[in-house]
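Comments concern the structure below.
The values are calculated or read from the model by the stated rules, or taken from the named source; none is laboratory data. Being a predicted model, the structure only gives us computed values, none of them experimental. Ideal geometry is used to build each Cβ from the backbone, glycine not excepted, and the neighbour counts take in all protein chains shown. These area figures cover heavy atoms from the full protein model, side chains too; ligands, DNA and RNA do not enter into them. Shrake-Rupley method; radii C 1.70, N 1.55, O 1.52, S 1.80 Å.
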Amino acid sequence: MKTKTKIFTAAISLSVAFFSAQNGNVKKHFLDLDGTSTNIKIQPTMYGIFFEDINFAADGGIYAELIKNRSFELDEPLTGWKQQNTKTLSPNLDSGFLTIITDKSKTNKNYARITVWNDKNYVLENEGFRGIGFHQGEKYDFSFNLENISGNISTINTSLIDENGTVISSVSTIIKGGGWQKYNAVFTPSKTVEKAKVQITFTGKGIVNMDMISLFPQDTWKDRKGGLRKDLVQKLYDLQPGFLRFPGGCIVEGRTLAERYQWKKTIGKVEDRENLINKWNNGFSHRLTPDYWQSFGLGFFEYFQLAEDLGAEPLPILSCEMACQFNTAELVKMEDLDPYVQDALDLIEFANGDSSTKWGKIRAEMGHPKPFNMKYIGVGNEQWGEDYIERYKIFEKAIHSKYPDIKIISGSGPSPDGEFFEYGWKELKKLNAQIVDEHYYNSPEWFTKNAGRYDEYDRSGPKVFAGEYAAQSVGVVKPDNKNNWQTALSEAAFMTGLERNADVVTMTSYAPLLAHADGWQWTPDLIWFNNLHSYATPNYYVQKLFSNNKGTDLIKISENGNAVKGQNELFASAVKDGKKNEVIIKIVNTDSHEKSIEINPKNIKLGSKLTKTTLTASQLSDENNFQTENIKPLEENSVIKKGKLSVQIPANSFVVLKIK
Ligand code: AHR
């Protein structure tokens, strides 16, 4: 955040406003800020994050493994791998070859059997996730499991190769003895490369088995071995999210029931986690991603740990045995639901049980003896219709009988209105559901028009979780959608409406969260990354400004007695922060003209120190990118005269005012 300090007085601001008004550019608005308590608390969960393994968010993204298909488990077991002649760089099976051995009794079923006839010519290569990113001088942990079968292979030689074929680091590992053994080495690349690859050659002739060929930066989040990408987690941390929803999204449901997310298969030793095709592998014909699988290196234990690191409430969403209704819509019969309901109960025990319980013990053995203190669970993702309501009832009864304090999130389908939405809400209300998840992917105009969406919601009904939303610059699931300033500004306008209705809306999250510049399926997304770097979109900064300034108590801000929700293209909300003793006012101006605002405080004494943070861009079509983040908050500190406060709100801008 850029910061500059200037001193000005209310009088000077007023005169500027008057001068500009004379020029006909600036319209003046008088807002009343009422410090009287509304008795509405801003929940700590108000602004959270939605994590789904879409767009290479997990494998190839935040999970820092650099080798794709490290244990040869994909349906096409050589995905990501190439066997080549070292000289011609074409397939040469005369020098050696690789076969896949499958042991169906194991969860990590496959390993590679490598036969080397001519060690001068045979090379095995991994391409990583759209290449491998290396930072010059940093250290990378390389490891593999190897069983020496026959012959005289004495050394495994591994090199990192840049885009021009130049070696940027290499290591040789001496092979000792028989039986499966784990070998380790460390690379230090001599150059920063975005799309490198790894090549393995052999000294000697013979047969070896290899599995779990793995490469991780040492510099991960919290320096955990085999951990998460630091720059990406840092961006999540900076949002100060109130909750972390995981693992999705439609990935929870799966394209088929067999491909649904099963949390029990994602815990325990990383090398024993059974790989599964990613729902987004073939989700869209315009973005087929046949190499997109889930290694589950980022599994449920790691999600809980991430939530803890971020200071966020963990919010797992579980399949309720309905496969994605946009795909196969497979269902488990009602009479067969028990084992699946048990999965939900076991998950609560895994998160919260002490180490004398079956699942709590497993968590403790994984390195977290203390419970994760999970308070929320989601039943189904984006389900709709009677089938959902029937299943929800069974899950709800079982969960609340055993764990009455756990809050359950239920779903209202994929749209913010329409038959499925109305039906879902009607039934969930009858069932006294606690928190209902709503999803809206819509145009920027929809977002600005809907800033009053929750004003008329029933205050005695379930709370709302705005669980997935994002303004679409072109249309839903259109590959040309952009994270431009227009979308971000419309979301900011809408979010003032979420905040004004904090008695009903208690949780919100933008979706999707992460996208790899070469591996994405869905746009827009909050944070973009490649193999080396990441950047925050304007939408990210909108989320950050709301979340970092959420305050503790809602107060009223109005114009002529009315909520400021789009009249004259102005939107506003205000909170007090009881802990920091601050008043925070958020104002969005979607007009193409600057506006002059005079804020008249009532029943509240404002101090003299003002921090004004402005987020704006010169064009609505402006975006951030890997080279520059032109659209980012600009902070100014100033001294104001006690009493009225006058500020200029630039055209098409989002401004946060903070006063002690
Ligand atoms: O955020 C992308 C997808 O949109 C989610 O997986 C799904 O819940 C919604 O349809």
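Per the listing GLU419, GLU468, the residue uniquely surrounded by fewer than 19 Cβ atoms within 10 Å (Cβ to Cβ) and either out of contact with any helix residue (DSSP H, G or I) (no Cβ under 7 Å at 6 or more places or on another chain) or touching a residue at least 40 places away in the same chain (Cβ under 8 Å) (or both) is GLU419. Take ASN630 and decide whether it is part of a loop (DSSP other than H, G, I, E, B) and open to solvent by less than 10 Å² (accessible area, probe 1.4 Å). Taking the combined requirement at face value, the residue does not satisfy it. So, ASN327, is that one within 16 Å of the ligand (Cβ to nearest atom) and out of contact with any strand residue (DSSP E or B) (no Cβ under 8 Å at 6 or more places or on another chain) or not? Here the answer is yes, as ASN327 does meet what is asked. Residues in the range 327-350 include at least one that is closer than 26 Å to ILE49 by Cβ and either outside any helix (DSSP H, G or I) or at pLDDT below 95 (or both). Close Cβ contacts (under 7 Å, 6 or more residues apart or on different chains) running from residues in the range 275-291 that are without any contact (Cβ under 8 Å) to a residue 12 or more places away in the chain and under 17 Å from GLY128 (Cβ atoms) to residues that are of a type in the set (S, T, N, Q) and away from the ligand (no atom under 15 Å from the Cβ) are absent.
Meeting the requirement of 2 or more residues that are within 14 Å of the ligand (Cβ to nearest atom), the strands (runs of 3 or more DSSP E) wholly within the range 482-532 are 505-510, 514-516. Suppose the filter is in a strand (DSSP E or B), open to solvent by 20 Å² or more (accessible area, probe 1.4 Å) and β-branched (Val, Ile, Thr); does ILE200 pass it? Taking the combined requirement at face value, the residue does not satisfy it. Filter the range 234-279 down to residues that are among the hydrophobic types (A, V, I, L, M, F, W, C), under 30 Å from PHE546 (Cβ atoms) and in contact with a Lys or Arg (Cβ under 8 Å, 6 or more places away or on another chain) and give me whichever is surrounded by the fewest Cβ atoms within 10 Å (Cβ to Cβ). Per the stated criteria, the residue is CYS250. From LYS658, LYS576, LYS641, which residue is assigned to a loop (DSSP other than H, G, I, E, B) and either among the basic types (Lys, Arg) or at pLDDT 95 or above (or both)? When all the criteria are applied, what remains is LYS641.
Could you list, ordered by first residue, the pairs with Cβ atoms under 8 Å in which the first is in the range 325-340 and in contact (Cβ under 8 Å) with a residue 40 or more places away in the chain and the second is open to solvent by 60 Å² or more (accessible area, probe 1.4 Å), at least 6 apart or interchain? Taking only residues 6 or more apart or on different chains, the pairs are ASN327/ARG255; THR328/ARG255; LEU331/ASP387; MET334/GLU390; MET334/ILE394; LEU337/ILE394.
Here's the yes/no breakdown for (1) open to solvent by less than 50 Å² (accessible area, probe 1.4 Å); (2) at pLDDT 95 or above:
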site: LYS68; (1), (2): yes, yes
site: GLN83; (1), (2): yes, no
site: THR88; (1), (2): no, no
site: ASP94; (1), (2): no, no
site: LEU98; (1), (2): yes, no
site: LYS106; (1), (2): no, no
site: ALA112; (1), (2): yes, yes
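Exactly one residue out of PHE246, PHE216, PHE202, PHE187 is in contact (Cβ under 8 Å) with a residue 40 or more places away in the chain, over 29 Å from ASP309 (Cβ atoms) and aromatic (Phe, Trp, Tyr), and it is PHE202. LYS222 passes every criterion in (1) in a loop (DSSP other than H, G, I, E, B); (2) on the phi > 0 side of the Ramachandran plot apart from (1).
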